[in-house]
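Asks: Let me give you the structure first, and then I'll get to my questions.
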Amino acid sequence: MKFWLAGESTLLVDFCTAEDGATYSKGDALALGQWDATKLGNAGAIASPSSMYAVRARAESGKGSRRDEYLYQMWTLAGAWEGGGRI
């Protein structure tokens, strides 16, 4: 089990409902404690906001910045998503 640090993360999955009933969608920024970050991180539901997976989630959900859109297009052209996400 990998431990994730508390802090801001980006949601990678289509949606997530928190214990308090709040619903979040792909590309949303979440401020998480270590326990929630570890649980969601190990499930592959979140990523660090600066990761290419977070950029992809924000771009695909329409929540990205111009920079996110640019990086997403460049990584798509480079074939980053075809080879397991690493360039």
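Asks: Quick one: in segment 29-52, which of the residues that are surrounded by 17 or more Cβ atoms within 10 Å (Cβ to Cβ) and of a type outside the set (A, V, I, L, M, F, W, C) is modelled with the lowest pLDDT?
Replies: Per the stated criteria, the residue is Asp36.
Asks: Consider Gly7 carefully, then state whether it is more than 15 Å from the chain's Cα centre (by Cα) and surrounded by fewer than 16 Cβ atoms within 10 Å (Cβ to Cβ). Break it down stepwise before answering.
Replies: On the way: more than 15 Å from the chain's Cα centre (by Cα): no; surrounded by fewer than 16 Cβ atoms within 10 Å (Cβ to Cβ): yes.
No.
Asks: Shifting gears a bit: Scan segment 24-34 residue by residue and report those that are among the hydrophobic types (A, V, I, L, M, F, W, C) and farther than 8 Å from Ala6 by Cα.
Replies: Quick first cut of segment 24-34, residues among the hydrophobic types (A, V, I, L, M, F, W, C) only: 29-32.
Matches in segment 24-34: Ala29, Leu30.
Asks: While we're looking at this one, here's another question. Can you say whether Trp4 is touching a helix residue (DSSP H, G or I) at 6+ places or on another chain (Cβ under 6 Å) and of a type outside the set (Val, Ile, Thr), as far as the supplied structure shows?
Replies: Numbers: touching a helix residue (DSSP H, G or I) at 6+ places or on another chain (Cβ under 6 Å): yes; of a type outside the set (Val, Ile, Thr): yes.
Yes; evaluated as a whole, the condition is true for this residue.
Asks: Could you name every one of the helices (runs of 4 or more DSSP H) located completely within the chain that has at least 2 residues being in contact (Cβ under 8 Å) with a residue 40 or more places away in the chain?
Replies: Numbers: elements: 34-42, 52-61, 66-77.
Because the criterion is at least 2 residues that are in contact (Cβ under 8 Å) with a residue 40 or more places away in the chain, the helices (runs of 4 or more DSSP H) in the chain that meet it are 52-61.
Asks: Just the residues that are farther than 17 Å from Thr10 by Cα and either at pLDDT below 95 or of a type in the set (Ser, Thr, Tyr) (or both), please, taken from segment 53-74.
Replies: Tyr70
The values are calculated or read from the model by the stated rules, or taken from the named source; none is laboratory data. Bear in mind that the values here come from a model prediction, so they are computed numbers and not experimental data. Don't worry about glycine lacking a Cβ; one is built from the backbone with ideal geometry, like all the others, and counts go over all protein chains shown.
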